[in-house]
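Trainee: Could you have a look at this structure, given as structure tokens, before my questions?
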Amino acid sequence: VLPLLSHCSLTMIAVQMKSHCEYDLSASTFSPDGRVFQVEYAMKAVENSSTAIGIRCKDGVVFGVEKLILSKLYEQGSNKRIFNIDRHVGMAVAGLLADARSLSEVSREEASNFRSNYGHDIPLKHLADRVAMYVHAYTLYSAVRPFGCSFILGSYDEDDGPQLYMVDPSGISYGYWGCAIGKAKQAAKTEIEKLQVGVNILYIHIDIYIVHDEVKDKAFELELSWVGEVTKGRHELVPKDIKEEAEKYAKESLEEEDDSDEDNM
Amino acid sequence: MATMLQKFPSSVSTLNDYNALYPDWTQREVSTGTTIMAVEFDGGVVMGADSRTTTGAYIANRVTDKLTPIHERIFCCRSGSAADTQAIADAVTYQLGFHSIELDEAPLVQTAASLFRDMCYRYREELMAGIIVAGWDRRRGGQVYTVPVGGMMTRQPVSVGGSGSSYIYGFVDSNYKPAMSKEECLKFTAEALTLAMERDGSSGGVVRLAVISEQGVERQVILGNQLPKFSTV
């Protein structure tokens, strides 16, 4: 009891008159108003990370991740935030990168086991459910902490078409046709909502550039990947030339942004 | 499989005739001697089998149903050891049902065939099972996959199996045409099975047929006196 009280007094001194000082120490405790604070804190970790966006287009899925460059010494292309889970599935992450990497390994094992047992590609909804169940398990016990990352899974195949799912630290998976995670997610979602269904990749660039400016951070590197009819169902990083073209278009569009909102491709 | 009884060759003369103590059938396994067959057509599959189960020379069941449902639109034809194939079919039915509920959609025929293959290959030393998996799914329509003894798996437009199949390879190869209609496939299957049943001692009884398509499963039986007649028969 004594250590708990001293923890309480510390928080008081920090002028954070929060009422949850006893109930936020482990994921196995509910607060009196029915919240699990550890899970909410995990989601805060995601909100502090730079933005990742996924858009489900008519014929494919596109991911864009804003990688903030914290040091000039970083090698270009290191610390990837987009992973290949299976040939046909890609994952874009936001939050604690180490947690995200561990989950990408878990997803890969799930996809691989499925293929080994049943002889075909894992359907994305099933993969999202399985990984979400795994993430949820870590929100049940005091011996472990929840994962501090959200991620977006995307795939394309001829029969089911493009699919997009997002999983957050609480362990729920949602299907989307466009979603954003990370610090500028609200601004990004607003931009995405303006899009029509059936759009192509260039808009992802505009979104990232728009929300990036609004965030007012310094230099960033854009990681862009796609999976769709154009890649024959394989998840790949967008080729350099197409990416550069899109970046150029995005920068130009931003400069013209003041003129009109009627930019339709 | 075989019992552990020691069998003496008849050339060895013994004071006590041990072989006479234990009838032959106690040392024979129950086998679906069999002729089985499946054909793909545009929109589904036709499956057929004879109905004889033997224990040595004794016909244990003359009206066997060798066309076993694995899921709503996926069936399998069983040949080889009756016990082995029933056990495998039960296990795969369970696994496929679980998988289908997890995915919340109808399972693929290829998935069922993969599950059969995994089991038949993993336990190939202990099993004697030749299985033909056939059915309909919304992705690839009617499909036939064959999983012979040893545990290989391959898709074929038409597949025959069982001890009686040896006698009808010529008939099947010369009479099969791609893009046959459902009625043509039924006639083709019934004729092939009849010819095999006439020549193979381990096949006989009635011809059981099943047609699987998007609409569901239609089953029929052709009794002995209704089988197609051939001139030498």
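The values are calculated or read from the model by the stated rules, or taken from the named source; none is laboratory data. In this text, all values refer to a predicted model and were calculated from it rather than measured experimentally. Positions of Cβ are generated from backbone atoms using ideal geometry, with glycine treated the same way; all protein chains shown enter the neighbour counts.
Trainee: So how many residues does the stretch A:44-76 have that are assigned to a loop (DSSP other than H, G, I, E, B), touching a residue at least 12 places away in the same chain (Cβ under 8 Å) and over 17 Å from residue A:229 (Cα atoms)?
Mentor: So the answer is 6.
Trainee: Show the residue pairs meeting these rules: Cβ distance below 9 Å; 6+ apart or different chains; first residue within the stretch B:65-86 and on the phi > 0 side of the Ramachandran plot; second residue of a type outside the set (Gly, Ala, Ser).
Mentor: These pairs meet every condition: B:80/B:32; B:80/B:34; B:80/B:127; B:80/B:128; B:80/B:131; B:80/B:149.
Trainee: Let me ask something else about it. Could you figure out which of (1) closer than 23 Å to residue B:89 by Cβ; (2) at pLDDT 95 or above isn't true of residue B:202?
Mentor: Of everything listed in (1) closer than 23 Å to residue B:89 by Cβ; (2) at pLDDT 95 or above, residue B:202 misses just condition (2).
Trainee: Answer yes or no as to whether residue A:103 is under 30 Å from residue A:229 (Cα atoms), within 14 Å of chain B (Cβ to nearest Cβ) and surrounded by 18 or more Cβ atoms within 10 Å (Cβ to Cβ).
Mentor: In short, no.
Trainee: Right, something else. Name the pairs: first residue in the stretch A:138-150 and aliphatic (A, V, I, L, M), second residue part of a loop (DSSP other than H, G, I, E, B) and surrounded by 13 or more Cβ atoms within 10 Å (Cβ to Cβ), Cβ to Cβ under 8 Å, at least 6 apart or on different chains?
Mentor: Pairs that qualify, where the first residue is aliphatic (A, V, I, L, M) and the partner is part of a loop (DSSP other than H, G, I, E, B) and surrounded by 13 or more Cβ atoms within 10 Å (Cβ to Cβ), are A:140/A:27; A:140/A:28; A:144/A:27; A:144/A:138.
Trainee: Spot the failing condition for residue A:159; the list is (1) more than 14 Å from chain B (Cβ to nearest Cβ); (2) assigned to a loop (DSSP other than H, G, I, E, B), and only one is missed.
Mentor: It is condition (1) that residue A:159 fails.
Trainee: If we keep just the residues of the stretch A:163-192 that are β-branched (Val, Ile, Thr) and assigned to a strand (DSSP E or B), which is farthest from the chain's Cα centre (by Cα)?
Mentor: A:167
Trainee: Also, quick follow-up: Is it the case that residue A:155 is modelled with pLDDT of 90 or more and buried (at least 23 other Cβ atoms within 10 Å of the Cβ)?
Mentor: Answer is yes for this residue.
Trainee: On to the next question. Pull up the stretch B:106-154, narrow it to residues that are of a type in the set (A, V, I, L, M) and facing chain A (nearest Cβ under 8 Å), then point me to the one that is nearest to the chain's Cα centre (by Cα).
Mentor: B:113
One line per residue, one yes/no per condition, for (1) surrounded by fewer than 21 Cβ atoms within 10 Å (Cβ to Cβ); (2) more than 25 Å from residue B:69 (Cα to Cα):
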position: B:193; (1), (2): no, no
position: B:201; (1), (2): yes, yes
position: B:205; (1), (2): yes, no
position: B:208; (1), (2): no, no
position: B:215; (1), (2): yes, no
position: B:219; (1), (2): yes, no
position: B:224; (1), (2): yes, no
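Trainee: Let me ask something else about it. Please go through (1) loosely packed, with under 15 Cβ neighbours inside 10 Å; (2) within 14 Å of chain A (Cβ to nearest Cβ); (3) not β-branched (Val, Ile, Thr) for residue B:57 and return the number of the only condition it doesn't satisfy.
Mentor: With (1) loosely packed, with under 15 Cβ neighbours inside 10 Å; (2) within 14 Å of chain A (Cβ to nearest Cβ); (3) not β-branched (Val, Ile, Thr) applied to residue B:57, the lone miss is (2).
Trainee: Yes or no: residue B:182 over 19 Å from the mean Cα position of the chain (by Cα) and not aliphatic (A, V, I, L, M)?
Mentor: The answer is yes for residue B:182.
Trainee: Could I ask something else about it? Which numbered condition in (1) among the charged types (D, E, K, R); (2) modelled with pLDDT under 95; (3) within 17 Å of residue B:140 (Cβ to Cβ) is the only one that residue B:73 fails?
Mentor: Residue B:73 satisfies all of (1) among the charged types (D, E, K, R); (2) modelled with pLDDT under 95; (3) within 17 Å of residue B:140 (Cβ to Cβ) except (2).
Trainee: State the number of residues belonging to the stretch B:89-105 that are away from chain A (no Cβ under 14 Å) and over 18 Å from residue B:144 (Cα atoms).
Mentor: Within the stretch B:89-105, residues that are away from chain A (no Cβ under 14 Å) and over 18 Å from residue B:144 (Cα atoms) number 1.
Trainee: Across the stretch A:133-152, what is the total count of residues that are assigned to a helix (DSSP H, G or I) and surrounded by fewer than 20 Cβ atoms within 10 Å (Cβ to Cβ)?
Mentor: Result for the stretch A:133-152: 4.
Trainee: Still on this structure: Only one of B:162, B:141 is touching a strand residue (DSSP E or B) at 6+ places or on another chain (Cβ under 8 Å), at positive phi and surrounded by fewer than 21 Cβ atoms within 10 Å (Cβ to Cβ); which?
Mentor: B:141
Trainee: Against the condition buried (at least 17 other Cβ atoms within 10 Å of the Cβ), within 17 Å of residue A:81 (Cβ to Cβ), more than 14 Å from chain B (Cβ to nearest Cβ) and free of Cβ contacts under 8 Å to residues at least 60 places away in the same chain, how does residue A:96 come out, does it pass?
Mentor: In short, yes.
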